[in-house]
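Where a number appears in this text, it was derived from the coordinates with a stated rule and is not lab data. None of the values given here were measured: they were computed from a predicted structure. We place every Cβ from the backbone using ideal geometry, glycine too, and count neighbours over all the protein chains shown.
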Amino acid sequence: MSHPLASRVTGPVLTPDDEGFADEVAAHNRAVTHTPDVAVGASSTQDVVETVRWAAEQGVPVAVLATGHGSVTPVTSGVLLTTDRLGGVTVDPATRVATIGAGSAWTDVVPVADAVGLAAIAGSSPHVGVVGYLLGGGIGPFVRSHGISSDRIESVTVVTGAGEVLEASADQHPDLFWALRGGKTGLGVVTQVRLGLVAMPELYAGALFFDTEHIEAALRGWLAWTAEADPETTTSAAIVRFPPIDAVPPFLRGRTVLVLRVARPGDATTGERVAAPLRALAPTVADTVGVLPVARAAEIHNDPTDPAPSWVRGTMLSGADDDLATALLEVVGPGVQQPFVAAEVRHVARPDGVDGSAVSGRGAAFTLSVVGLDPSQFATTMPAAADRIAQAVRPWTAAELNPNFAGTGAAVWDQATAERLDRVRRAYDPAGVLG
Ligand SMILES: Cc1cc2nc3c(=O)[nH]c(=O)nc-3n(C[C@H](O)[C@H](O)[C@H](O)COP(=O)(O)OP(=O)(O)OC[C@H]3O[C@@H](n4cnc5c(N)ncnc54)[C@H](O)[C@@H]3O)c2cc1C
């Protein structure tokens with residue numbers, strides 16, 4: 001017997017015994033297997049409306065899956081709405097605004113914007129979903145020069161928990177618009193977003209690779225450099241234990257290195273001047289920092305592209321000094337036995353953060369994340385190792401935590417923002433349908 005939703009929506013409606021169910025609910029993070037009662041592949045805004053209304057009638061929860069980069073907790077009941085059929089990206093060069101379907105990843109947006117000489121203020125990974133990223137705010141490789149990505153949202157088309165289609169913008173449903181930019185969950189199912197783009201005709205960017213024996217000098221030197229860093233330059237330092245596998249370039253295979261990522265929109269002469277003190281921190285084994293077309297900005301971080309199991313924890317730091325370098329080296333330094341392949345500190349401080357949305361962690365100066373890839377250690381060594389790192393950096397830990405960096409799905413907002421978010425959630429999802 002077909003599922004009752006099958007007669008109400010045009011996209012596929014799949015229950016666990018149906019062929020294609022496992023593919024429909026598969027997340028990029030293969031550590032998480034979703035097992036909802038039913039998966040609905042939304043192919044239109046109306047499909048979302050019908051699904052949410054049916055779920056509200058039945059009193060079952062609705063969760064949303066885009067790429068599954070943010071999948072942490074398995075969805076084990078109710079409806080899982082998948083958004084990948086809600087694609088489509090158009091750009092209006094006159095207004096510099098992209099209209100982006102909720103199924104799009106950054107890799108769908110970047111070439112369309114680039115074709116008319118514009119750029120999106122995207123995240124480090126081109127395969128992350130635009131909407132999931134923006135709902136958390138979005139702190140990417142251009143955060144110091146261009147700010148938090150969700151500050152560029154013009155409007156959001158959203159299906160509320162009551163099954164109503166609304167356009168949220170500065171003028172329409174401003175409370176919902178405030179919440180959708182940073183409030184992350186429980187605010188509606190987004191079907192489309194209109195996002196401002198920028199002109200970035202020149203970019204000087206890439207990564208410096210410091211070998212094991214230079215990690216300490218590079219980390220200490222970089223943290224000291226951030227205190228006076230050029231405000232247009234975004235940098236991050238990751239201690240990476242590259243596995244000895246073919247997918248890793250030979251010069252990195254099996255090595256532990258510090259990867260110092262640099263992104264500075266603007267001309268090469270200024271970029272070279274800004275990067276000179278970073279190049280002087282210690283000898284490098286490789287240096288890819290140079291002129292980079294903005295459409296290739298994903299090469300700055302070179303995040304992994306294929307779906308795989310992963311375990312992530314993150315926090316935000318209010319500042320950094322040489323004692324932080326000492327603390328980090330004690331818990332994730334090259335000689336230390338610990339289960340993570342990467343520990344990354346991103347310098348995200350900017351003096352002139354625009355307010356007026358629910359983004360948390362806007363005032364933090366750094367993010368700190370660890371990533372583990374060995375599933376046998378996800379439930380065994382990683383939680384305790386992450387706790388040790390959290391303990392070591394406690395003196396620098398910021399009060400807020402952005403949801404895109406928490407790794408647990410949990411964010412920390414200041415109390416007033418958290419309470420206001422709850423009020424907006426109750427107003428637009430009175431029955432609590434949306435997870
Ligand atoms: C490799 C990697 C690199 C990353 N880089 C950055 C970075 O540079 N900066 C940064 O800020 N973050 C970064 N992130 C974090 C990322 O932004 C979040 O994990 C984000 O939630 C992923 O969104 P998604 O749609 O791809 O994933 P999903 O797991 O599919 O979605 C995550 C959540 O977003 C919500 N959601 C998604 N689509 C919708 C929708 N249409 N309507 C309502 N809710 C929706 C749902 O709550 C869903 O559970 C990165 C993550 C990874 C794995």
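A few comments on the model shown:
- The calculated P(r) of the chain, using every Cα pair and 10 Å bins from 0, goes 5, 21, 31, 26, 13, 3, 0 in percent.
- Charge context of ASP175, other residues only, Cβ under 9 angstrom, K/R +1, D/E -1: +2
- Counting only alpha carbon atoms, the long axis of helix 215-226 and the longest principal axis of the chain meet at about 70°.
- ARG255 long-range amide H proximity, modeled H, under 5 Å: PHE242
- Per-residue ellipticity at 222 nm computed for the chain from its helices equals -7000 deg cm²/dmol, with DSSP H segments shorter than 4 residues left out and the rest contributing -39,500 (n - 2.57).
- Backbone HN-Hα couplings from phi across segment 322-339 [Karplus 6.51/-1.76/1.60, Hz, Gly and Pro as x]: 5, 5, 5, 4, 4, 4, 5, 5, 5, 10, 10, x, x, x, 8, 6, 7, x
- Computed over all pairs of different Cα atoms, the Kirkwood value for the hydrodynamic radius of segment 287-352 is 15.3 Å.
- Taking Cα atoms only, the orientation of helix 268-279 departs from the longest principal axis of the chain by about 70 degrees.
- Label point 7 Å beyond Cα of ARG273 along Cβ direction - residues of segment 208-248 with amide nitrogen under 18 Å: 228-234
- Taking a quarter of the surface of the Cα convex hull of segment 28-94 gives a mean projected area of 5.7 nm².
- Shown in residue order for segment 89-100 are the 3J(HN,Hα) couplings computed by the Karplus curve 6.51 cos²θ - 1.76 cosθ + 1.60 at θ = phi - 60°: 9, 10, 10, 9, x, 5, 8, 6, 10, 9, 9, 10 Hz (x for Gly and Pro).
- Equivalent ellipsoid semi-axes, segment 203-406, via Cα gyration tensor eigenvalues times 5, rooted, Å: 24, 22, 17
- Long-range amide H partners of HIS28 with built H, under 5 Å: GLY68, HIS69
- The GluC sites (Glu not before Pro) of segment 142-249 meeting both criteria, a DSSP state outside H, G, I, E and B (loop) and at most 13 other C-beta atoms within 10 angstrom of the site's C-beta, are GLU164, GLU228.
- Against the chain, whose longest principal axis comes from its Cα atoms, helix 415-428 is set at around 30 degrees.
- Under the criterion of Cα pairs below 8 Å and six or more residues apart, the relative contact order for the chain equals 17 percent.
- nm² value of the averaged projected area, convex hull over the Cα atoms of segment 348-390: 4.3 nm²
- Kirkwood hydrodynamic radius (C-alpha pairs) into Stokes-Einstein, segment 82-144, 10 °C and 1.306 mPa s, D in µm²/s: 134 µm²/s
- Student exercise, the chain dipole from Lys, Arg, Asp, Glu Cβ charges, in Debye to nearest 20: 380 debye
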